Amino acid sequence: MPESSTSNEMLRHGEKAIDVNYGLDYVNDGNAVRSQAFSSGGSVFAKIQRFAGRFGVEQRGIERVPDDERTDSSMLQVGTLWFSANMVVSSFAIGALALPVFGLGFVDAALTIVFVNLLGILPVCFFSTFGPKFGLRQLVLSRFYFGYYGVKLIALFNIIACIGWASVNVIVGAQCFHAVNQNVPGWAGILVIAFATLIICTFGYRIVHAYEKWSWIPIFVIFMIVLGTFAHSDDFDSLLPLKSGAAEAGGVLSFAASVFGFATGWTSYAADYTVYQPVTRTKRSVFAWTFAGLFIALCFTELLGAAVATAMAANPGYLNAYENSQIGGLLAQVMVPHLGRFGEFCVVLLGLSIVGNNCPNLYSVALSLQLLSDRTSRVPRFMWTLVCTVVYLAISLAGYNHFSAVLENFMLLIGYWLAIYEGVALTEHFVFRRASLARYAPETYCEPSRLPPGFAAMTAFGVGVVGAVLGMSQVWWTGPVGKLCGAEFGGDVGFELAFAFAALSYVAFRAVEKAVFRR
């Protein structure tokens, strides 16, 4: 069946598709929806879109962007979006987990951060290059891997991940406010961050990019102040006793799983933020700008977090601050004793950095909801943005004092699905489509009969889950393989096994599927 009755109406209002030969692989504007189509007609959908359009709200959702409307000429915005989204207190928190949670010294943590981030961001950079070529959002593009119906399961996992991480992130931001002023309740900080994020994401792609283009500057300056202040405190200890043997290996593997999950977590959004780039944009430039934005921000903030965390080993003040107010308390311990009120101001701004981190979560989750069914696709993107804000507000307000740690552990567990997604998608592209964009027919994105059936991908997904269960080492469960990869608590190799199991099984299942269905 076609995308939806609403999409059909928009396609009818759109102009005839035009085939264009740019000499850049395969380019076809078939089934693209022009911007004027969203507000055409007398339906409720059209009336809502016309009203929103008066205020400059982005009206497009999961519909394909025509070539002549891919007019975002700034490559800088691609880099700054990912730089700002990761130049935040959440990524600082990932690095700070190295000592208190995984028992790692700075050297082990630093090497893990650099090399695992390098691996984790490669799929994000790669899939970002598809946006300008096809004008398709990331999960719509995923129909070419999981099929029209199978991708709905992927969308469901992405919805859970987006809302869950938005909740975790906003709690971290609120903890920064509370660490500065114990009289500020957690709910107040949560509301401030959530409301600011809602305003930006309601307006859509253009405003999200505009905000992220500049928001990193004050946060980077403050992180540099954190670095300078901490460096002069003499609390850093790069020579902490390291674990050895199986215990060290298990700690490194489990920390690597957290770092990888955070870095590669952007994969399911990747093409969402390049769909308005011109079709003539080179893959190399998109890849390079995405890589630079992600790698520099992630390594800088996580290395800083790991360095500051070393102070907990010898200075009780840092340990008490962490135990009382988590990451916010740790940052306050660095800044406030030395800088007073200005230090408090800096910690508050770091809490507000969560807005930049949550913008991609809130923007992309609305697209995933549209992908679920015919009915959800009829709800404008910006209305889903509001609904999701209400949902993650409810979760974070309830979880601030009761189950924030449980929620974070659950989100790390959910993150394994991305390794499975990458195993299937990358295998389809490199093995069955021979790494050629010419082997895609992007105009068929809304035609189920011309897309892969999805049986192979769904079966491989299940096999990948088995791999994750065997290899994971989490608070709730340690798999039999995970137990072998460390000492008492094992080591987490869930991502590695999930990817390998999914990729290898997909080769076999997809070969059979293509032979039977011829697509």
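The values are calculated or read from the model by the stated rules, or taken from the named source; none is laboratory data. Because the structure is a prediction, the values reported are computed rather than measured. So basically every Cβ, Gly included, is an ideal-geometry build from the backbone, and we count neighbours across all protein chains shown. Just the protein is used for accessible areas: all its heavy atoms, side chains included, with ligands, DNA and RNA removed. Shrake-Rupley method; radii C 1.70, N 1.55, O 1.52, S 1.80 Å.
Go through the range 82-135 and report how many residues are polar (S, T, N, Q) and in contact with an Asp or Glu (Cβ under 6 Å, 6 or more places away or on another chain). Don't jump to the end; show me each part of the working.
Let us first name the residues in the range 82-135 that are polar (S, T, N, Q), namely 84, 86, 90-91, 112, 117, 128-129.
With in contact with an Asp or Glu (Cβ under 6 Å, 6 or more places away or on another chain) added as a condition, the list becomes 84, 91.
Counting residues in the range 82-135 that are polar (S, T, N, Q) and in contact with an Asp or Glu (Cβ under 6 Å, 6 or more places away or on another chain) gives 2.
Do you know which residues across the range 187-217 are part of a helix (DSSP H, G or I) and either among the acidic types (Asp, Glu) or open to solvent by less than 10 Å² (accessible area, probe 1.4 Å) (or both)?
Result: Gly189, Ile190, Ile193, Ala194, Thr197, Cys201, Val208, His209, Glu212.
Hey, among Ala366, Ala311, which residue is open to solvent by less than 10 Å² (accessible area, probe 1.4 Å), closer than 30 Å to Ala46 by Cβ and either touching an Asp or Glu at 6+ places or on another chain (Cβ under 7 Å) or at pLDDT 90 or above (or both)?
On the way: Ala311 fails: closer than 30 Å to Ala46 by Cβ.
Only one candidate qualifies: Ala366.
List the helices (runs of 4 or more DSSP H) inside the range 389-506, counting only whole elements, that have at least 1 residues being open to solvent by 10 Å² or more (accessible area, probe 1.4 Å) and at pLDDT 95 or above.
Filter on the range 389-506 gives 416-427, 455-471.
Residues in the range 5-54 that are at pLDDT below 50, charged (D, E, K, R) and under 22 Å from Thr71 (Cβ atoms): how many?
Of the residues in the range 5-54, 4 are at pLDDT below 50, charged (D, E, K, R) and under 22 Å from Thr71 (Cβ atoms).
Tyr273: under 16 Å from the mean Cα position of the chain (by Cα), of a type in the set (Ser, Thr, Tyr) and open to solvent by less than 10 Å² (accessible area, probe 1.4 Å), yes or no?
Considered against the rule, which asks whether it is under 16 Å from the mean Cα position of the chain (by Cα), of a type in the set (Ser, Thr, Tyr) and open to solvent by less than 10 Å² (accessible area, probe 1.4 Å), Tyr273 comes out as yes.
Do you know which of the residues in the range 238-265 that are assigned to a loop (DSSP other than H, G, I, E, B) and more than 30 Å from Phe127 (Cα to Cα) is least open to solvent (accessible area, probe 1.4 Å)? Before the answer, list the steps.
We begin by selecting, within the range 238-265, every residue assigned to a loop (DSSP other than H, G, I, E, B); these are 238-244, 265.
Next cut, more than 30 Å from Phe127 (Cα to Cα) only: 238-244.
Numbers: Ser238: 49, Leu239: 146, Leu240: 21, Pro241: 115, Leu242: 82, Lys243: 81, Ser244: 88 Å².
Selected residue: Leu240.
Can you confirm whether the range 55-63 contains a residue that is in contact with a Pro (Cβ under 6 Å, 6 or more places away or on another chain), open to solvent by less than 10 Å² (accessible area, probe 1.4 Å) and either within 28 Å of Arg143 (Cα to Cα) or at pLDDT below 95 (or both)?
The answer is no, given that none of the residues of the range 55-63 is in contact with a Pro (Cβ under 6 Å, 6 or more places away or on another chain), open to solvent by less than 10 Å² (accessible area, probe 1.4 Å) and either within 28 Å of Arg143 (Cα to Cα) or at pLDDT below 95 (or both).
Residue by residue through the range 176-185, note down the ones that are open to solvent by 10 Å² or more (accessible area, probe 1.4 Å), part of a helix (DSSP H, G or I) and either under 20 Å from Val391 (Cα atoms) or hydrophobic (A, V, I, L, M, F, W, C) (or both).
Those that are open to solvent by 10 Å² or more (accessible area, probe 1.4 Å), part of a helix (DSSP H, G or I) and either under 20 Å from Val391 (Cα atoms) or hydrophobic (A, V, I, L, M, F, W, C) (or both): Phe177, Ala179, Val180.
Going by the structure shown, is Ser268 more than 21 Å from Gly415 (Cα to Cα) and part of a helix (DSSP H, G or I)?
no
So, in the range 119-144, how many residues would count as being in a helix (DSSP H, G or I) and among the charged types (D, E, K, R)? First the steps, then the outcome.
Residues of the range 119-144 that are in a helix (DSSP H, G or I), as a first pass: 119-128, 130-134, 138-141, 143-144.
Narrowing the set further to residues that are among the charged types (D, E, K, R) leaves 133, 143.
Final tally of qualifying residues: 2.
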